[in-house]
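Shown next, in structure tokens, is the structure this report addresses.
The values are calculated or read from the model by the stated rules, or taken from the named source; none is laboratory data. Fair warning: this is a prediction, and the values are worked out from it, not measured in the lab. Cβ: placed from backbone, ideal geometry, glycine included. Neighbour counts: every protein chain shown. When the accessible area is computed, the model is the full protein with side chains, heavy atoms only, and any ligands, DNA or RNA have been set aside. Shrake-Rupley method; radii C 1.70, N 1.55, O 1.52, S 1.80 Å.
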Amino acid sequence: MGSHGASLNGQRVKEFYIFGNGITFSISPVIHNTGFQHDNLPYKYSIRESPSIDGVADLINDESFGGASVTMPHKLQAHKFCHKQSDTAKAIGAINTLIVEGEGKDRTITGDNTDWSGLCNIVTKYCNRSKRTLNSGLVIGAGGASRAALYALHRAGVKKIYMVNRTYASAESVRDAFAKLFSIEVLPSLQDLPQYPDVIISTIPANLYTPDQFKNIFGPGGLCIDMSYKPRRTPLLAAAEARDGWETIKGVEVLLAQGFDQYRLWTGRDAPRQAIVDAVNAHEGAQAAAAKISIEGKL
């Protein structure tokens, strides 16, 4: 912090962060620092935990601030530090990316959301690969990540979107927030699905459910995505893998997809994908050996 316009090889030194609470395990620093090093950029990305977004105000206001990833519980409050928001961030009502443009008095901070775009890319590529039409989708959860998942399904052309959450009223408020853009049907429980979904996205921590809860939600085939990446193989993914015709996407793959979009927003260049995937696999060590990431066609 405090480099105040310092430069290296003609490029300004910048500090990037991930803001959130309970994020010491985050692999986002591996993703972005690998990219910065690969592209010889004088940038550094680090974890900053805070129970409130206000706790990182000094970092955002520092001249060296280059941008940030924003995770729970700050996605719904990060707008306080933005001069403007992208249309998609406004539509979703959640920000996971802060982008800095200009310097000094001309500096502006834009709030954006790459959770949705990463997911939308994954869903779209699945459609192209499988030649399946996604008639219906299910989102589990009602937080900031679920907003991005719902919006991603809408943008990917999913016709009927269902939503389930432990607190029904929370799901209703998310449904109402999107009412002008598209329709969402809130269900009391997973057992109340009127049809088998072609795509399922879970946005809640993996430890909040058991495989038994997913007994009757899988039809003849589809795409199952779990945004939780601890453990790599969640109860939901295990349940999907046990069924014929289901392709699964791990949370770490979702993290990579949205991270690649963040990298482009911050640097103006495409992320060095293979170098980043190799670094993440190496970082994860034994876990990665059991579930190596392959980016072929998926991300």
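Determine whether V13 is open to solvent by 20 Å² or more (accessible area, probe 1.4 Å) and within 24 Å of T203 (Cβ to Cβ). Working first, answer last.
Working: open to solvent by 20 Å² or more (accessible area, probe 1.4 Å): yes; within 24 Å of T203 (Cβ to Cβ): no.
No.
Could you identify the single residue in R264, R269, R243 that is closer than 19 Å to T97 by Cα and more than 16 Å from the chain's Cα centre (by Cα)? Before you say what the answer is, go through the steps one by one.
Details: R264 fails: more than 16 Å from the chain's Cα centre (by Cα); R243 fails: closer than 19 Å to T97 by Cα.
Of R264, R269, R243, the one residue that is closer than 19 Å to T97 by Cα and more than 16 Å from the chain's Cα centre (by Cα) is R269.
Tell me, which residue of segment 141-157 that is aliphatic (A, V, I, L, M) and open to solvent by less than 10 Å² (accessible area, probe 1.4 Å) is nearest to D112 (Cα to Cα)? Break it down into steps so the answer makes sense when it comes.
Residues of segment 141-157 that are aliphatic (A, V, I, L, M), as a first pass: 142, 145, 148-150, 152-153, 156.
If we keep only those that are open to solvent by less than 10 Å² (accessible area, probe 1.4 Å) too, we end up with 148-150, 152-153.
Numbers: A148: 11, A149: 15, L150: 16, A152: 14, L153: 18 Å.
By that ranking, first place goes to A148.
Got a sec? Which strands (runs of 3 or more DSSP E) wholly within segment 157-202 have at least 2 residues that are touching a residue at least 60 places away in the same chain (Cβ under 8 Å)? Walk me through it before giving the result.
Details: elements: 160-164, 185-187, 199-202.
Qualifying strands (runs of 3 or more DSSP E): 199-202.
Can you tell me which residue is farthest from I27 (Cα to Cα) among those in segment 215-240 that are open to solvent by 80 Å² or more (accessible area, probe 1.4 Å) and out of contact with any Gly (no Cβ under 9 Å at 6 or more places or on another chain)?
That would be N216.
If a residue must be modelled with pLDDT under 95, among the aliphatic types (A, V, I, L, M), open to solvent by 30 Å² or more (accessible area, probe 1.4 Å) and farther than 29 Å from Q213 by Cα, how many such residues does segment 241-285 contain?
The number of residues fulfilling the criteria is 1.
Name the residues in segment 175-198 that are closer than 18 Å to M227 by Cα and either among the polar types (S, T, N, Q) or open to solvent by less than 10 Å² (accessible area, probe 1.4 Å) (or both), would you?
Hit for segment 175-198 is P197, nothing else.
Considering only segment 59-96, how many residues are touching a residue at least 24 places away in the same chain (Cβ under 8 Å) and acidic (D, E)? Steps first, answer last, please.
Step one: of segment 59-96, the residues touching a residue at least 24 places away in the same chain (Cβ under 8 Å) are 59-60, 62-86, 88-89, 91-96.
Right, trim to acidic (D, E) and you get 62-63.
Total satisfying the criteria: 2.
Of the conditions (1) modelled with pLDDT under 95; (2) surrounded by 15 or more Cβ atoms within 10 Å (Cβ to Cβ); (3) part of a helix (DSSP H, G or I), L59 satisfies every one except a single condition; which number is it?
Among (1) modelled with pLDDT under 95; (2) surrounded by 15 or more Cβ atoms within 10 Å (Cβ to Cβ); (3) part of a helix (DSSP H, G or I), L59 violates only (1).
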